[in-house]
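Before any comments, here is the structure.
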Ligand code: GLC
Ligand code: GLC
């Protein structure tokens, strides 16, 4: 069953039934101020860091699901309702939520009153703007009582949920005109506050939560709203909230627009106060002023739309398949921006408390985003590299607010360094900006330790070759890409974290074939980069190590029909036909086939066929098979998950594109496309009841064939799946791939495709590319012409900027 539909012209997903199988959410803001908003108005806001600067409160995993948010309550005579259905859950006469590019509108109709809320964060603004439009469609005069509602978080989202002996005494507010200020802790160590305003004189307000709701009432029955009268409470400690009360009288046919601004301000130390204990509100007032009419709000929304037009015009596809085009042109790119902004920190599955920006995650995320705003990818690369250690090792995560490595999450994940090469070379190929390589970048953020970014890449490369195991394969460390394959952990204590515990390391023989393949793929990019900058000695040195790795993989990594996954602590094979369970894994087969290791000997084709036979399912390719059915202390967390979930034989969507790309290396466009479609959310819209999560974004995991309910997805939005599927479809299936000196066009498509058209902006020029497939081939370029001129090979060379070029590619 479907719960809505795509509106491609407006780049929106339209939800027409509020009872979606799971909250279907959207993100507002894409730079500093962010909000999450569900299809019923649930969610919260924060500034830069969902842990340290949480502005409004949200209770995860609540009963009922998705409780708390930016709510509007309408008291219309006998009826109390909300435009998003929740929290009142009064049956609406009609409901519609439109999630667009960084904005959401939610519209409810009840008893002839239409109420639509537009939520968005205007560009370059530290505030969420909400425009509430009320319309009376009846023949009678309507007298409506409107209550807004947000609940303040006491800034640190973790402390907010645990330190109640303190929290219940710290809350402070100020109310001036129609603005409610949340100034908790402002007088001591904080120089920031938040506010919530409305562009209309208020008739009352509440700022104390218990007064607003009544101690034993839920979000659905605030006593003030039910009574139709605010109590003008001023919070002192407990839980401060902000609710404005407004009375609106609407003649038949009349409508009214109200603008609310939920904002955040930082003041310099010497500008904190207006007078004794009265906060300096000038910045808040300036922002409120910028949005104090509906017209100004509409202009700001138009600017946001224009911003997205520009971003999404860099790559546009016309394939004749709507479901594919809307993913490539709209939603997959949008999700890449979101993962770029949030890494794995804040979604409806990630609490915003546990994780900051991941080293490996952020490098991969930027690969899906770099064509949109290369300058921001550049800044991100420098931030990430600044957390690296001088031996090439890395903190696994850093906090977005401080940009410093987060030691709680630890280090020693031996795939991490390689991803810096992956991210940086992708950036240089897209932008042509070799100057980033000369940028001075510190180690572990220590002033004085700076070396060039190029040197960071070198130590990354060397980190692998300085950490080889007994077979000459890369040592795995805490884990490689698979955080749950913990080969040195040996934990029997449930209070230990699998990610930060290594009970055995001395003499470990745990080696990773996944890192080996990754090293060959990224190492080749590094070699090419060294070549480009004329560092031939390094080119040769690096090439030598790659060649050696290829040989070692062929010798010790091949199991007969596929690549093994690893060697464990004792030097025993993992992911081999010899194993009792989990005889085959996806990751090593993805990376070694992407690297084309043993292609001539038939290893690539064979490995991919084994993946097809043993790992493929109706809902995508599972991670391993057969799943683990008991705990293996020598493998760690992977064997703790029930069969079919997460890293234990779930369809971990992040790694499916590795196999898709592997298939394109082998030239099998039909297989690559089949795998793409299986996990692509727009193709799953019809089975939303099973799939559960949003049909417009990828989820991290779909329950695998051994699970209780195969096909059920979890953990939507913040996943490397976004970047990887975008990368696979655009660069390997459609085959349009930036390289240092031009744009490669070398598709690998299913034979039934007659062709497709892509418009690609690249290094200042626009290429209108038409691919024709007259003979039903899957791979291979017969000819490539630019404005009618034949070019040798499959690379569009860099053409003078500012012009449009017509490129025609005919496949073999
Ligand atoms: C999660 C992590 C990612 C890891 C993956 C596999 O998605 O964010 O870093 O690679 O799980 O364990
Ligand atoms: C869990 C998850 C994994 C994630 C890791 C890091 O083990 O299974 O996907 O990467 O936590 O927090």
Checklist outcome for this item: When every residue in the range 509-543 that is in contact with a strand residue (DSSP E or B) (Cβ under 7 Å, 6 or more places away or on another chain) and part of a loop (DSSP other than H, G, I, E, B) is compared, the one farthest from residue 564 (Cα to Cα) is 509
Checklist entry - Got at least one residue in the range 472-488 being without any contact (Cβ under 8 Å) to a residue 12 or more places away in the chain, assigned to a loop (DSSP other than H, G, I, E, B) and over 33 Å from the mean Cα position of the chain (by Cα)? => result no
Checklist entry - Taking only pairs six or more apart or across chains, which ones have beta-carbon atoms under 6 Å, a first residue in the range 491-515 that is free of Cβ contacts under 8 Å to residues at least 24 places away in the same chain, and a second residue that is within 14 Å of ligand 2 (Cβ to nearest atom)? => result 501/489; 501/491
Next on the checklist: Every residue in the range 409-444 that is in contact with a strand residue (DSSP E or B) (Cβ under 7 Å, 6 or more places away or on another chain) and in a loop (DSSP other than H, G, I, E, B), please.
Outcome noted: 412, 414, 439, 443, 444
Checklist entry - Do we find a residue being in a strand (DSSP E or B), surrounded by fewer than 20 Cβ atoms within 10 Å (Cβ to Cβ) and either on the phi < 0 side of the Ramachandran plot or within 16 Å of ligand 1 (Cβ to nearest atom) (or both) anywhere in the range 740-748? => result yes
Checklist entry - If you go through the range 305-339 one residue at a time, how many are in a helix (DSSP H, G or I) and in contact with a strand residue (DSSP E or B) (Cβ under 6 Å, 6 or more places away or on another chain)? => result 5
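For every residue, the table says whether it meets (1) within 21 Å of residue 43 (Cα to Cα); (2) modelled with pLDDT under 95; (3) outside any strand (DSSP E or B).
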position	(1), (2), (3)
87	yes, no, yes
90	yes, no, yes
95	yes, no, no
106	yes, no, no
109	no, no, no
118	yes, no, no
Checklist entry - Which residues, counting only those in the range 641-655, are within 11 Å of ligand 2 (Cβ to nearest atom) and under 13 Å from residue 626 (Cβ atoms)? => result 648
Checklist entry - Out of 729, 702, which single residue is within 16 Å of ligand 1 (Cβ to nearest atom), under 24 Å from the mean Cα position of the chain (by Cα) and surrounded by 21 or more Cβ atoms within 10 Å (Cβ to Cβ)? => result 702
Next on the checklist: For the range 632-650: of the residues being closer than 11 Å to residue 706 by Cβ and more than 12 Å from ligand 1 (Cβ to nearest atom), which is surrounded by the most Cβ atoms within 10 Å (Cβ to Cβ)?
Outcome noted: 649
Checklist entry - For the range 691-711, which residues satisfy the criterion of being away from ligand 2 (no atom under 16 Å from the Cβ) and either farther than 21 Å from residue 14 by Cβ or out of contact with any strand residue (DSSP E or B) (no Cβ under 9 Å at 6 or more places or on another chain) (or both)? => result 705, 706, 708, 709, 710, 711
Next on the checklist: Quick check on residue 600: is it without any contact (Cβ under 8 Å) to a residue 12 or more places away in the chain, within 27 Å of residue 637 (Cβ to Cβ) and assigned to a loop (DSSP other than H, G, I, E, B)?
Outcome noted: no
Checklist entry - Under 9 Å by Cβ, and 6 or more places apart or on different chains, what pairs join a residue from the range 339-361 that is in contact (Cβ under 8 Å) with a residue 60 or more places away in the chain and within 22 Å of residue 392 (Cα to Cα) with one that is within 11 Å of ligand 2 (Cβ to nearest atom) and assigned to a strand (DSSP E or B)? => result 343/358; 343/397; 356/397; 359/397; 359/413; 360/413; 361/397
Checklist entry - Just checking, which of 573, 554 is more than 29 Å from residue 503 (Cα to Cα) and modelled with pLDDT of 95 or more? => result 554
Checklist entry - Within the bounds of the range 314-324, is there any residue that is touching a residue at least 40 places away in the same chain (Cβ under 8 Å), more than 30 Å from residue 488 (Cα to Cα), within 18 Å of the chain's Cα centre (by Cα) and away from ligand 2 (no atom under 16 Å from the Cβ)? => result no
Item to check | Any pair with Cβ under 9 angstrom, 6 or more apart, that starts in the range 246-261 at a residue that is on the phi > 0 side of the Ramachandran plot and ends at one that is not in a strand (DSSP E or B) | outcome: 253/137; 253/138; 253/139
Checklist entry - Which of the residues spanning the range 476-512 are buried (at least 24 other Cβ atoms within 10 Å of the Cβ) and more than 16 Å from ligand 2 (Cβ to nearest atom)? => result 510, 511
Checklist entry - Taking the range 380-416 on its own, how many of its residues are buried (at least 23 other Cβ atoms within 10 Å of the Cβ) and within 14 Å of ligand 1 (Cβ to nearest atom)? => result 10
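So, in the range 617-631, of the ones that are within 15 Å of ligand 2 (Cβ to nearest atom) and in a loop (DSSP other than H, G, I, E, B), which residue ends up surrounded by the most Cβ atoms within 10 Å (Cβ to Cβ)?
Residue satisfying both the conditions and the ranking: 622.
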Checklist entry - Quick one: is residue 677 surrounded by fewer than 21 Cβ atoms within 10 Å (Cβ to Cβ) and either within 16 Å of ligand 1 (Cβ to nearest atom) or assigned to a strand (DSSP E or B) (or both)? => result no
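The values are calculated or read from the model by the stated rules, or taken from the named source; none is laboratory data. Bear in mind that the values here come from a model prediction, so they are computed numbers and not experimental data. Note that we place each Cβ from the backbone using ideal geometry, even for glycine, and neighbour counts take in every protein chain shown.
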